[in-house]
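Structure first, commentary second.
The values are calculated or read from the model by the stated rules, or taken from the named source; none is laboratory data. Nothing here was measured: the structure is a model prediction, and the numbers come from that model. Every residue, glycine among them, receives a Cβ derived from its backbone with ideal geometry; neighbour counts consider all protein chains shown. Each accessible area value is taken on the protein alone, full model and side chains, heavy atoms only, with ligands, DNA and RNA left out. Shrake-Rupley method; radii C 1.70, N 1.55, O 1.52, S 1.80 Å.
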Amino acid sequence: MTNNKTINLEIDGRFFQADEGMTILEVARREGIEIPTLCQHDALEPVGACRLCLVEITHPNWKGWKGLVTSCLYPIEEGLQVTTNNPEIHTARKTLLDLLLARCPEATYIQKCAAEYGITATSFKKREEETTCILCGLCVRVCAAKGCNAIGATGRGITKGIAVPFRQPPPDCIGCASCAHICPTDTIKYTDTEDLRKIWGHKFKMVKCVSCGRPVMPEKQLEFEAAKAGLDAKYLTTCPQCSQDQTLATVQSSFQSKTVPGGSLEVAR
Amino acid sequence: MRIATVQSLKVAAKKARSERESIKTEVLVCAGTGCLANGSLAVVESLERSICSRKLTAELKLGLKTTGCHGFCEKGPLVVIQPKGIFYKGVKPKDVKEIIEKTLISGEVIERLLYRDPNTKERIEEYTEIPFYSRQLRIALRNIGKIDPGSIDDYIAVGGYAGLATALTEMTPEEVIDSITKSGLRGRGGGGFPAGRKWKTCRNAPAETRYVLCNADEGDPGAFMDRSICEGDPHAVIEGMVIGAWAVGANSGSIYVREEYPLAVKHLQLAIDQAREKGFLGDDILGSGFSYDVHIARGGGAFVCGESSALMKSVAGEVGEPRAKYIHSVIRGLHDQPTVLNNVETWANVPWIINEGAEKFATLGTGKSTGTKAFSLVGKVKNTGLVEVPMGITLREIIFEIGGGIIGDRPFKAVQTGGPSGGCLPEDKLDLPVDFDTLTEAGSMMGSGGMIVMDDRTCMVDTARYFLEFLVDESCGKCIPCREGVHQLHCILEDICAGEGQPGDIEKIESLSDVIVSASLCALGKSAPNPILSTLRYFRNEYEAHINDGKCAAGVCRNLFSFEISEEACVGCGLCIKACPVDSILGEKKEVHRINGKTCTRCGACRNICAVDAIKVV
Amino acid sequence: MEKTLVITPSRCTACKTCELACSFKHVRNGALGLSRIRAFMRGEGKNVILTCFQCDEAACVKVCPVTALTRSESTGAIEVDEGRCIGCGLCSVACPFGHMNHDSAMRIAVKCDLCKGEPACATFCPTRTLEYK
C-alpha cells in the first residue's frame, strides 16, 4: 500500500530513515544495532513470545509517556524514539533468561545466553519435569511456512508443549526435519539411517541418490517438494556431492572433446 | 411473520403490549442457572399442572412465565407475583398448592416464603422494598426477571427493537456514534475503553469488510453478569449489536460465548433464530436496506480467550493466543479487518441509550464513568447475587446495604474486585466510589464486575496464592514472563503458605512482578501480579507474619497456626466434637472441650460450627 | 552491463588461492568460512574450477520454501539471505551442478555471491584464470 513512504526515527540517539511497514528490529539490525532475540526468524512471522527484544519507545508528542514494546513486532512510526538498552530493559532480559534457565537448566543454548547476563544458575525454582524446549514456536512456524502444519502447540500455561495431533505420528509430516534444524536448543530429535528417517514417531523411507545410493530425503518429502516446485521428482534425487562430481566430469570431458579449446568458460552473467 | 417496516414493528409492539396487559396476575418464576440448580423447573411444572387442571388461566387472567435471573441467586428458586410484586424465595414444588390457593385465589401473602431482612429480621412482602433490590438501578438488566427470554414478542412488548428502529430510520451512523460518545459509555468487559471512540475509529478505518462482535466469554471466577444477561435478555444484546453494526458499517459478526454456559448458548441461539425470522437480523432490516447477521461462536472456556485478540483468533478457528496489539483490533481485528468487540453488558446498554437518550445515561454515575455497572456480589456477604448500581456508589453501600453486610456479622477484611487480575481493597477503601479510574488508582480495577467479599477468616496471602493458581492454569503460555514468571510467583507463594517462606521472598516477588508487568505480551500477563501487588500494598504485615513469625492469623495456612478452645468462651455444647472429622476434640458435655493438637488437621470445621466463637487461632 | 566472472581453465594451476581467498572473504565469528569455489587438480591444462553459474532459471531459487534466495540487482548473483534461510538443504539437492554448499554449524545454505561485486577469488587469482570483467 504505502510501502514507499519514508519514516524518520531515532534509535539510541542516532537518526535513521526507513520504509514504512518495517519493524524497529528490522531497522536496528540493518543499522548494526544489536537486539537479542530467541523466537525471531527473518523468514517466519514474528510472534513476540520470548520478549527478549524489548525496547523502550517514546515520542515527542506522547507527553513523556514511554513504555516497553517488542521490537520484532512494533511497526516504526514518524518521530519514534527508541532506546534498545537501559537498566530496566537489561533487568527484564536478565530476568527472562533466569526464568528460562529455571525451565530448561540443561539447555546449553540457554545456559550460554544466560551467562552473557552473568547468570550461571537460576535464582528461581527449577522445573521438575526436565525439558529443553523454550516454547519459542520456531518449529511450528517453520512447519507452517513449509506448508505442512504438521505440528502445533498443545495445552496452555506452564504445561504447554509442542506436540503432534492426538500424540500420533502426524499425517501431514513429510519428514523434512526443518523443525529439528531450526530448534535453537536441539530439543526436536531425529535419526537417519541408510534407509529410514525417524521423526515424530514416523519412519520415513529415504530416497537414495540415483548415483551413489546415499540417502537424499524422505520419499514423502520428495513427492511434496516436487509437486510444490512443479518439478519432476527425478531432479531432486541426486545428492549434492554426486551433482558436483557429474559437473566436474562434464567439464573435464569438454576439455577432451575440445569444445572449449583453451577458451574461456563464462560461468556468471 | 417478518416485521418489514418500522410501522409494522409499532403494530406488533402494540399487540404484544395489549396481550401482556390482558393478564391480570403474572407469576414469574426465575429460571436462571442458579434457580434451575435449586430446582425451579419443578416449581414451574407444578405450577403449570395446577393452573391448567384448575383452569385458572381464564378465570383469574393468570399468566405464568419463566424468566431470566432475578439476581438474588442465593435465595432461589424465586417466584414473583405481579402486579403486586410479591416476592417468594426458596419456593419448593410442595409450596405451589398454597401459593395458588392463598396468594393467587385469595390474595393473601404467605409469610414463611417471604424474604426476611437479616439485620432487622423483618419479613418483607414486596420485591422493590427489599434492600437488595431497592438500592439497585437496572439498565443492562432492565428486562431480566420481567420477560420470558424465549419470547421475542415479550421483548417487543417492553419496547424491544424500538431503539434499532430509531437508529435505522431516524439517525445516521455518525449520529448513533455521537450519541454513544455523548453517553460516555465505556466498555464493561474490563478495559473501560470509551465505546463511542472505538466505534468511530472502526468506522473510519479504510476497509471493505468490518465486523461487530460480542464478548460473552466471561471467565472470572465468581462472575456471572454476562451469563445472566445472555440467559435472561438475549435480545437486548442482539439489538445492541445490530445498532453497533449500523453505526460502524458492519454486515456480520459473532457472539463468542463459552460452552460452559449451555443455557446462555441456547437462549442466544433461540433469540438469533427469532430475530432472523422477524427480520431484525439478515438482509434489509426493517426496510432500511441495511444487512447484518450474527452467529454464535462457542469457546472452549479458556480464560485468555476473553482477551480481544485471542478471542478473534479463536473465532477465526486458530489457537486462542493473544497477539501484540500495536495495531489495534478496531483497525485490524477479525480476519485482519476493522472490528468492534464489546462485551455483553456494553451491548445491552446500547438500546437503552438510543431509547432514553445519551444525556440521561450521562447524568448517571460519575464524570468519567457514566451509567450503571452490574456486579456479581459473592463471598462472605449475606445477600449474594447479581446487582446493578449506578457508577460512583461506594463499596460500602454495595457490600453493607445491598449485600446486607458480612455473614455472621464478622469483621470485614477485604473486597476483591476486577476478577483474578484485579486486586483486594481493605476496609479504609470502602468509601471509595466505584468507578473505572478510582478503582485502578487504588490498585484494583473494575474488571468485568466480579466482587468477592472477605471476612477476617480469610488469609490474604492464601487469597493471592489462589488467584495466582488460577492465572497459572489460564496463562496461554505464549510469552515467557506470564508463563514462567507467574508460575514462579505462585511457587514462592506456595512456599510462604506452607511455612517455607524465606527472608527476601517479598523483595523477590516485587522485582519479578515488575518484570512481568512491563514485559508480558497481553493484558492478562501484565495484570497477573495484581492480586499479589494489591495484597502486598494493603496487607504486607500478613506476608511478613507468614515469613518471619511463621504465623497465619486468619487460620487458613495449616502449617502456620493451631486451634485452641477458649476456656472462658466454651459452653461445652459438643457441636465441635461432632463436627471434627478426625476425632481430635475431647470433652464432656457442659465442660470445656480440648483439641488434641497432634491429630488435628486444622480443617476449621469446629471453628465454623462453634456458636460462641470459642475456637481461637494461635 | 553487469560484470561476469570469467574462468579460463587453461591458465589454472589448481593452486587453490581462490578457495583460500573465498574463505577469508567469508570469515564469520573469527573462523574461516566455507569456500564457495573449488579448484580440482587434474594435471596441466586439465584443472577445473567449479563455482555457481548463477543460472537464469535457478532451481535453488525455485525450491526455496522461504524465499531466502534472491537475485541481487547490482551483481546479478543469487544471494542467500542468511536471516531467512532455514537450512533445510533443499537447494543443495535441487542444484543440478552441486554448487550449493551447506554450513552445518550455522545451519544455513552457502553459495557464491560474487562478493557483492568484488569477487575475492578473481582479485587474488595469480594466473588470471578467474577474471571479473
With the structure loaded, tell me whether residue B:75 is in the same structural domain as residue B:55 (by TED's automatic domain parsing) and farther than 28 Å from residue B:223 by Cα or whether it fails that test. no
Taking the residues in region A:234-245 that are outside any loop (DSSP other than H, G, I, E, B) and either of a type in the set (Lys, Arg) or surrounded by 15 or more Cβ atoms within 10 Å (Cβ to Cβ) (or both) as candidates, determine which candidate is farthest from the other protein chains (Cβ to nearest Cβ). A:234
For region B:297-313, what are the residues that are away from chain A (no Cβ under 13 Å) and open to solvent by 40 Å² or more (accessible area, probe 1.4 Å)? B:298
All-but-one check, residue B:79 against (1) among the aliphatic types (A, V, I, L, M); (2) modelled with pLDDT of 90 or more; (3) surrounded by fewer than 23 Cβ atoms within 10 Å (Cβ to Cβ), failing number (3)
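Residue-wise test of (1) at pLDDT below 90; (2) more than 7 Å from chain A (Cβ to nearest Cβ).
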site: C:9; (1), (2): yes, no
site: C:19; (1), (2): no, yes
site: C:44; (1), (2): yes, yes
site: C:53; (1), (2): no, no
site: C:56; (1), (2): no, yes
site: C:67; (1), (2): no, yes
Answer yes or no: is there a residue in region A:26-35 that is more than 27 Å from the chain's Cα centre (by Cα), touching a residue at least 40 places away in the same chain (Cβ under 8 Å) and part of a loop (DSSP other than H, G, I, E, B). no
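Yes or no, residue by residue, for (1) in the same structural domain as residue A:217 (by TED's automatic domain parsing); (2) at pLDDT 90 or above:
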position: A:227; (1), (2): yes, yes
position: A:231; (1), (2): yes, no
position: A:238; (1), (2): yes, yes
position: A:241; (1), (2): yes, yes
position: A:255; (1), (2): no, no
position: A:258; (1), (2): no, no
position: A:263; (1), (2): no, no
position: A:267; (1), (2): no, no
Can you say whether residue B:256 is open to solvent by 20 Å² or more (accessible area, probe 1.4 Å), assigned by TED's automatic domain parsing to the domain that holds residue B:238 and among the aromatic types (Phe, Trp, Tyr), as far as the supplied structure shows? no
For region A:78-93, state whether one or more residues are modelled with pLDDT of 95 or more, more than 14 Å from chain C (Cβ to nearest Cβ) and within 19 Å of the chain's Cα centre (by Cα). no
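Every residue, every condition in (1) open to solvent by 40 Å² or more (accessible area, probe 1.4 Å); (2) more than 29 Å from residue B:612 (Cα to Cα); (3) within 15 Å of the chain's Cα centre (by Cα), yes or no:
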{"site": "B:380", "(1), (2), (3)": "yes, no, no"}
{"site": "B:387", "(1), (2), (3)": "no, yes, yes"}
{"site": "B:419", "(1), (2), (3)": "no, yes, yes"}
{"site": "B:429", "(1), (2), (3)": "yes, yes, no"}
{"site": "B:445", "(1), (2), (3)": "yes, yes, yes"}
{"site": "B:448", "(1), (2), (3)": "no, yes, yes"}
Scanning region C:116-129 for residues that are within 11 Å of another protein chain (Cβ to nearest Cβ) and open to solvent by 60 Å² or more (accessible area, probe 1.4 Å) gives C:128
Among (1) of a type in the set (A, V, I, L, M, F, W, C); (2) assigned to a helix (DSSP H, G or I); (3) outside the structural domain of residue B:75 (by TED's automatic domain parsing), the one test that residue B:137 misses: (2)
Of all the residues that make up region A:74-108, how many are touching a Lys or Arg at 6+ places or on another chain (Cβ under 7 Å) and either over 21 Å from residue B:323 (Cα atoms) or among the polar types (S, T, N, Q) (or both)? 3
Of everything in region A:144-163, what is away from chain B (no Cβ under 14 Å) and open to solvent by 20 Å² or more (accessible area, probe 1.4 Å)? Give them in sequence order. A:145, A:147
Which of the numbered conditions does residue B:266 fail, given that it passes all the others? Conditions: (1) touching a residue at least 24 places away in the same chain (Cβ under 8 Å); (2) surrounded by fewer than 21 Cβ atoms within 10 Å (Cβ to Cβ); (3) more than 14 Å from chain A (Cβ to nearest Cβ). (1)
Could you say which residue among C:27, C:110 is closer than 25 Å to residue A:39 by Cα and out of contact with any helix residue (DSSP H, G or I) (no Cβ under 6 Å at 6 or more places or on another chain)? C:110
Pairs under 6 Å by beta carbon, first residue more than 14 Å from residue C:123 (Cα to Cα) and in a loop (DSSP other than H, G, I, E, B) in region C:2-13, partner among the hydrophobic types (A, V, I, L, M, F, W, C) and open to solvent by less than 10 Å² (accessible area, probe 1.4 Å), six or more apart or different chains? none
Consider residue A:248 carefully, then state whether it is at pLDDT 90 or above, within 11 Å of chain C (Cβ to nearest Cβ) and either open to solvent by 30 Å² or more (accessible area, probe 1.4 Å) or assigned to a helix (DSSP H, G or I) (or both). yes
Quick one: is residue C:113 within 12 Å of the chain's Cα centre (by Cα) and more than 9 Å from every other protein chain (Cβ to nearest Cβ)? yes
For the condition assigned to a loop (DSSP other than H, G, I, E, B), aliphatic (A, V, I, L, M), within 11 Å of another protein chain (Cβ to nearest Cβ) and in contact with a Phe, Trp or Tyr (Cβ under 8 Å, 6 or more places away or on another chain), what is the one hit in A:73, A:38? A:73
Restricting the search to region C:27-42, which residues are over 21 Å from residue C:132 (Cα atoms), more than 8 Å from chain A (Cβ to nearest Cβ) and among the basic types (Lys, Arg)? C:28
Unique residue being in contact with a helix residue (DSSP H, G or I) (Cβ under 8 Å, 6 or more places away or on another chain) and touching a residue at least 40 places away in the same chain (Cβ under 8 Å) when the list is B:245, B:316, B:302: B:302
Just one listed residue, out of B:330, B:294, B:319, is β-branched (Val, Ile, Thr), out of contact with any Ser or Thr (no Cβ under 8 Å at 6 or more places or on another chain) and assigned by TED's automatic domain parsing to the domain that holds residue B:224, and it is B:319
How many of the residues making up region A:212-230 are open to solvent by less than 70 Å² (accessible area, probe 1.4 Å), over 22 Å from the mean Cα position of the chain (by Cα), small (Gly, Ala, Ser) and within 12 Å of chain C (Cβ to nearest Cβ)? 2
Any idea which of C:97, C:24 is at the interface with another protein chain (Cβ under 8 Å from one of its Cβ atoms) and either aromatic (Phe, Trp, Tyr) or over 25 Å from residue A:241 (Cβ atoms) (or both)? C:97
Can you tell me which residue within region B:397-415, out of those that are under 23 Å from residue B:540 (Cα atoms) and buried (at least 18 other Cβ atoms within 10 Å of the Cβ), is nearest to the chain's Cα centre (by Cα)? B:415
